[in-house]
Each structure stands twice: as structure tokens, then as C-alpha cells.
């Protein structure tokens with residue numbers, strides 16, 4: 001292999017150095033982390049190269065994608081060289097051939113069909129080949145489709161991000177040619193940005209002094225429960241199904257909820273108007289059964305919790321939120337209210353011939369509704385109670 005030239009030094013020390021070399025008269029590209037610091041050279045760099053190698057092997061040498069040729073070491077990867085000019089180096093004044101972005105969209109969709117999402121398509125990752133066709137490079141943060149709900153959801157979010165990135169590039173280089181679907185996609189935030197907004201710059205957890213007082217009360221109650229409870233294995237197993245059911249129901253509902261902006265009548269909202277509150281009741285039941293206290297005080301507390309829930313909390317929520325939704329959505333809310341129970345679910349799903357579905361479960365909505373915080377707290381309490389039940393807890 002010839003020494004070759006450096007195509008890229010990387011924007012910073014966390015990026016691979018990219019070389020263009022010649023092997024047996026053939027030009028190849030080598031990504032190389034060997035000159036980076038210990039962390040990148042030995043840990044993160046090899047993981048990124050692993051991800052890129054697996055993605056490219058799934059793509060199987062299809063036109064428009066590099067082919068893996070060699071993995072000389074854990075910190076180096078050799079691929080075929082794709083001739084072309086990065087989109088970012090081209091002027092935005094009609095330099096691209098007609099139909100370029102239609103072919104790029106087709107290329108990206110073919111990649112998704114093979115189970116790979118590039119995840120971060122930028123102007124430097126799209127090449128204009130000499131024959132006018134697009135190519136796609138850099139799969140170090142790619143996402144592969146897999147089994148299981150989490151991997152499928154992650155892949156769908158990455159694939160949607162690919163489509164949105166392509167639409168954004170199309171807007172920059174050929175805005176007059178944007179399709180209605182691309183314009184609609186650009187009107188919405190990216191799935192990664194929505195997820196990030198769920199983690200930072202969040203609105204207050206509770207509005208107003210009363211809401212904040214209730215929230216503080218809930219966390220104080222849980223803190224006391226966690227400090228005093230001494231569950232047995234039987235208690236944990238008795239309460240666990242209720243906790244799992246409640247947490248799962250709330251996670252399901254949070255991925256559909258659009259808060260007042262749109263009336264959710266599909267998913268769990270096709271069975272009960274208040275799946276989040278039903279999930280909260282199940283969680284209360286589960287933790288009330290798990291948290292064994294002297295004299296079965298936990299059961300008295302659970303009974304008191306039921307009283308507060310049914311006598312104050314639920315009626316107040318139905319009155320306030322029902323009024324707001326009726327004011328916003330009118331007859332659609334009236335039909336939904338008449339057809340779907342307030343709490344205990346109906347057997348068959350509700351269908352409204354007029355109100356469109358919310359589009360299925362979305363990770364961005366789940367993050368924006370902050371349900372990940374509840375899941376983390378639930379998992380922590382279950383773990384604590386389980387360790388206490390087996391005598392392994394340090395606290």
C-alpha cells in the first residue's frame with residue numbers, strides 16, 4: 001500500500017484521519033485512528049469502525065456505497081474509493097444535474113430497505129459522481145435495523161432523520177424542486193432534536209404553586225417509602241406485575257400524546273381516555289404492595305392513596321382537562337368521550353371516522369412528555385426493593 005495522501009485530518013482529535021492510498025493500482029480509502037489519543041485509538045475509534053464495517057457489509061457493495069476491503073487492525077478500516085465531489089464543495093446555483101435529489105432519495109430508501117440508516121447525512125457525505133449519480137459515504141454513526149421494540153424504534157428514528165437531512169440538502173441546493181412531502185418533513189423538528197429537547201430546556205414539571213406542591217409531596221412520599229420499606233421476596237413478586245403494567249402503559253401512552261394540540265384517539269387512547277392515569281393507579285398499587293411496612297402500614301397508605309385518587313385527583317383532572325379538550329376539539333371530543341371510558345378500558349378499540357390517527361408511537365413524543373424520568377424512577381425503586389428483599393441492598 002502506497003503512503004498516499006491525506007483526504008481529511010478530521011475536524012478534531014475525535015475524528016479519524018482519512019487517507020487515499022493505492023493498492024495494486026487501485027485507489028482505496030483508509031480510516032485511521034492509530035494516531036489519536038488512547039481513548040479514541042483503543043476504545044471509541046474501533047467501535048465506530050465496527051459500526052461502519054457492519055453497515056457496509058449489510059449494503060453488500062451496492063452501487064453508491066463503499067465496499068469494505070480490509071481491516072488491517074482494530075483502529076484502521078480500508079474501503080473502496082468512490083470518485084466524486086462532495087456536495088458541500090459545489091455552488092448552489094444549478095450545478096447539480098436534473099433529478100439528482102430524486103436519485104439520492106431512491107438511494108437512501110434502498111439503504112433503508114437493506115436495514116441500514118446512515119443517521120447523520122451531511123453535505124460532505126453526499127458525493128456527485130462523474131456520471132451525475134449520487135453516492136453516500138461515512139457510516140460511522142449508522143444504525144442497523146434489529147429485533148425488539150427499542151432497536152426498531154431507534155432505526156425508524158434514524159431513517160426519518162436521513163429523509164429529513166436529504167430534504168434539507170435539497171432545500172439548500174434546489175429549493176424550487178422540493179416535493180410537498182419534503183416541505184412537510186422540513187416543517188417538523190428532527191427526531192434527534194425532539195429527543196434532545198426532551199432532555200434539556202424542558203418546561204417545569206408542574207405549573208403553579210399547587211402543582212409544584214403536589215409534585216414535591218409525591219417525591220417526598222416515595223422517598224419515605226424507599227427509606228422505610230423492608231419488602232420480602234413475596235411482596236416484590238406480588239407488586240411487580242402491577243408496576244410493569246403501569247410503567248408499560250404510561251410509556252405507550254406518552255408516545256402518542258400531543259397534549260391539547262391534537263386529539264389522540266388511537267393507541268391506548270382508543271381503549272381508555274386516561275391511560276396515563278390508569279398507569280399511575282397501577283404503579284400506586286404495585287409499589288403499595290411491594291413496600292412492606294411494619295403493621296402492614298403500606299396497605300393503609302395504599303387505601304388512602306385510592307381515596308385521594310378517586311375522590312379528588314381523577315375527578316379534578318377529568319373536569320379541567322375535559323373542559324380544555326372540549327373547548328379545543330369540540331364535537332370530536334364529545335364523540336370520543338361518549339365512546340371511550342374515562343379509566344377502565346373498553347374491550348375493542350374506538351374508531352373515529354373523522355379524526356385522523358396521530359401517526360403511531362413516536363420516540364420524540366415520549367421524550368417530550370418526559371416519561372423516561374418516570375421509567376428511571378420506577379426502575380430504581382424496583383431495584384432497591386428487590387435488593388432489600390434478598391438482603392443485598394447497601395442502604
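The values are calculated or read from the model by the stated rules, or taken from the named source; none is laboratory data. Since the structure is predicted, the reported quantities are computational estimates derived from the model, not experimental observations. Note that each Cβ is placed from the backbone with ideal geometry, even for glycine, and that neighbours are counted across all protein chains shown.
Residues in region 258-285 that are over 17 Å from residue 347 (Cβ atoms) and part of a helix (DSSP H, G or I): 276, 277, 279, 280, 281, 282, 283, 284, 285.
Taken together, the residues in region 141-182 that are closer than 19 Å to residue 120 by Cα and part of a helix (DSSP H, G or I) amount to 24.
Being in a loop (DSSP other than H, G, I, E, B) and in contact with a helix residue (DSSP H, G or I) (Cβ under 6 Å, 6 or more places away or on another chain) is a property that does not hold for residue 333. Among all positions in region 227-236, there is at least one residue which is surrounded by 15 or more Cβ atoms within 10 Å (Cβ to Cβ), more than 30 Å from the chain's Cα centre (by Cα) and either outside any helix (DSSP H, G or I) or at pLDDT 95 or above (or both). Counting residues in region 352-363 that are crowded, with 19+ Cβ neighbours inside 10 Å, assigned to a helix (DSSP H, G or I), within 29 Å of the chain's Cα centre (by Cα) and not assigned by TED's automatic domain parsing to the domain that holds residue 161 gives one or more. Among the residues of region 138-149, is any surrounded by 15 or more Cβ atoms within 10 Å (Cβ to Cβ), under 24 Å from the mean Cα position of the chain (by Cα), over 28 Å from residue 6 (Cα atoms) and in contact (Cβ under 8 Å) with a residue 24 or more places away in the chain? Within region 138-149, one or more residues are surrounded by 15 or more Cβ atoms within 10 Å (Cβ to Cβ), under 24 Å from the mean Cα position of the chain (by Cα), over 28 Å from residue 6 (Cα atoms) and in contact (Cβ under 8 Å) with a residue 24 or more places away in the chain. Name the residue, out of 132, 119, that is outside any helix (DSSP H, G or I), surrounded by fewer than 17 Cβ atoms within 10 Å (Cβ to Cβ) and either modelled with pLDDT of 80 or more or touching a strand residue (DSSP E or B) at 6+ places or on another chain (Cβ under 9 Å) (or both). On inspection, the qualifying residue turns out to be 132. The residues in region 37-65 that are in a loop (DSSP other than H, G, I, E, B) and out of contact with any helix residue (DSSP H, G or I) (no Cβ under 6 Å at 6 or more places or on another chain) can be counted, and the count is 5.
Might you check whether a residue that is under 28 Å from the mean Cα position of the chain (by Cα) and within 30 Å of residue 175 (Cβ to Cβ) occurs anywhere in region 11-34? Yes: region 11-34 contains one or more residues that are under 28 Å from the mean Cα position of the chain (by Cα) and within 30 Å of residue 175 (Cβ to Cβ). Of all residues in region 104-115, one or more are modelled with pLDDT of 90 or more, closer than 28 Å to residue 30 by Cα and in a loop (DSSP other than H, G, I, E, B).
Give the residues of region 172-187 that are surrounded by 16 or more Cβ atoms within 10 Å (Cβ to Cβ) and within 20 Å of residue 118 (Cα to Cα), sorted by residue number. Hits for region 172-187 are 182, 185. Within region 73-88, the residues that satisfy the criterion of being at pLDDT 90 or above and more than 14 Å from residue 21 (Cβ to Cβ) are 73, 74, 75, 82, 83, 84, 85, 86, 87.
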